[in-house]
1. Residues of segment 255-279 being in a loop (DSSP other than H, G, I, E, B) and farther than 14 Å from Glu207 by Cα, which ones?
2. So if I check each of Ser57, Ser86, which one is outside any strand (DSSP E or B) and crowded, with 22+ Cβ neighbours inside 10 Å?
3. Name the one entry in Ser154, Ser143, Ser132 that is in contact (Cβ under 8 Å) with a residue 12 or more places away in the chain and open to solvent by 40 Å² or more (accessible area, probe 1.4 Å).
4. Give the residue, chosen from Val234, Val294, that is of a type in the set (Val, Ile, Thr), over 23 Å from Val365 (Cβ atoms) and either at pLDDT below 95 or open to solvent by 20 Å² or more (accessible area, probe 1.4 Å) (or both).
5. Filter segment 327-376 down to the residues that are farther than 27 Å from Leu307 by Cβ and within 17 Å of the chain's Cα centre (by Cα) and list them by number.
6. So which residues in segment 444-465 are touching a Phe, Trp or Tyr at 6+ places or on another chain (Cβ under 8 Å), more than 18 Å from Asp54 (Cβ to Cβ) and buried (at least 24 other Cβ atoms within 10 Å of the Cβ), if there are any at all?
7. Of these, Glu207, Glu182, which one is assigned to a loop (DSSP other than H, G, I, E, B) and surrounded by fewer than 24 Cβ atoms within 10 Å (Cβ to Cβ)?
8. For Ser148, state whether it is within 21 Å of Asn82 (Cα to Cα), open to solvent by less than 30 Å² (accessible area, probe 1.4 Å) and among the small types (Gly, Ala, Ser).
Amino acid sequence: AGKCGACGPGYPSPLEAMKGNLPPGPREQLLYLPCIYRNTGIHIPDFLATVDVDPNSPHYCQVIHRLPMPHLGDELHHSGWNACSSCHGDPTKTRNLLVLPSLVSSRIYVVDVGTDPRAPKLHKVVEPEELSRKGNAAFPHTSHCLGSGEILISCLGDPAGNGKGSFILLDGETFEVKGNWEKGGKTPALGYDFWYQPRHNVLLSTEWGIPRILAQGFDPRDVEKGHYGRHINVWDWSSRSLLQEIDLGKGSIPLEIRFLHDPSASQGFVGCALSGEIQRFYKSQEGNWAAEKVIEVPSKKVQGWLLPDMPGLITDILISLDDRFLYFSNWIHGDVRQYDISDPRNPKLVGQVFLGGSISKGGVVTVLEDRELRDQPEPCVIQGKRIPGGPQMLQLSLDGKRLYVTTSLFSAWDRQFYPELLREGSVLLQLDVDTEKGGLAVNPKFLVDFGKEPGGPCLAHEMRYPGGDCTSDIWL
């Protein structure tokens, strides 16, 4: 099934992707990471780093190429592809361009990674004026390729910095802004991430906060004022209209949303940052959509921190391609967790490792009451370096055996919660995964230290492989 001669990009199914029956196969050799200088005090452009992750390479764990952007202060954040497994049946499509939205400047960079994967080059810049003029949209976040060949990008707000959960559609060949994806009617007050599932005629989107508010840093009072999100928004895929708003509760802040990879599945998970909950969303027997809490990370009673109750702050989640394991990061507590989701309604914790965080021994925070741990965790030290920040963005190898982790969230929030990140730079780490029984272990041989960049310490964020991954590919 994985060897048809006239296929497009990606793989015919998630399980074929795990086997890697098509080039480049399951073993990733390169990672692309946006690296951010905004708010660090270093006034040079953000760049796209290419990291060698091939253990047999003489350049293993090294940044082998840097592509600087032409402007300052973009805040590169997440990225997507011009084509992915949603276009697998179309041999005219190639996964050769990386789409890089800038969360603060609202520019969208299109990067050629096909001509020379080890040395990407800039292909096109979509200016913020085009998003504003054609879609009254700004602060682009998540980019997904569609089976139609177009690119769909969710936005956090309007050009004035107010919240607005709208979408921009790009032409997949020219990258011209075609306008809004949504067809009128009600638009959610806030936007963030999304996932679509045509077999169930649905797109689900989440909500972070009002851009001009969150760009200054996090103030708990803004949650009380309703400036942060609480809904999963349910859209009709074919009519592109908002059908339903699932309320996950005040102060939940639902961020990353993932359907199960099986394209016939009508369920998945969303990570709620502030409430520390993983909610399972699903299609009900009546045909509408609902959600239920299936995991809760309890807050810890602490001294020496912003608040007396310290949330885990779930900032990223992903699902293995066989839909067996769910992974998520608690950026503030400092742990990465692995759950067996063979029964999606009853996830079981099977792996956990601490990679920095705010409660490590020897820090300024004292834990007074903890419903999960007996002792504060030891600091995470790899190759003699104490890891700054906490685990944040995650990416899993296609075969599910290696989990990559970076430690920067968003420069304004890094500056507030982990000021050492701005001085020392973030890191890229790798965990070995037990895919049979479950279990996570730090790979002591793997460390990419972005504190040692030629331009000075920077903040590395989300990871992509040239051949696609668990969080960018959608199967139809």
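1. Residues satisfying the conditions are Leu260, His261, Asp262, Pro263, Ser264, Ala265, Ser266, Gly276.
2. Every option except Ser86 fails the conditions.
3. Values: Ser154 fails: open to solvent by 40 Å² or more (accessible area, probe 1.4 Å); Ser143 fails: open to solvent by 40 Å² or more (accessible area, probe 1.4 Å).
Matching residue, one of Ser154, Ser143, Ser132: Ser132.
4. The unique qualifying residue is Val294.
5. Hit for segment 327-376 is Gln338, nothing else.
6. Within segment 444-465, Cys458, Leu459, Ala460 qualify.
7. Working: Glu207 fails: surrounded by fewer than 24 Cβ atoms within 10 Å (Cβ to Cβ).
Only one candidate passes the filter, namely Glu182.
8. The answer is no for Ser148.
The values are calculated or read from the model by the stated rules, or taken from the named source; none is laboratory data. Because the structure is a prediction, the values reported are computed rather than measured. No Cβ is skipped: glycine too gets one built from the backbone with ideal geometry, and neighbour counts run over all protein chains shown. With ligands, DNA and RNA removed, areas are computed over all heavy atoms of the protein, side chains included. Shrake-Rupley method; radii C 1.70, N 1.55, O 1.52, S 1.80 Å.
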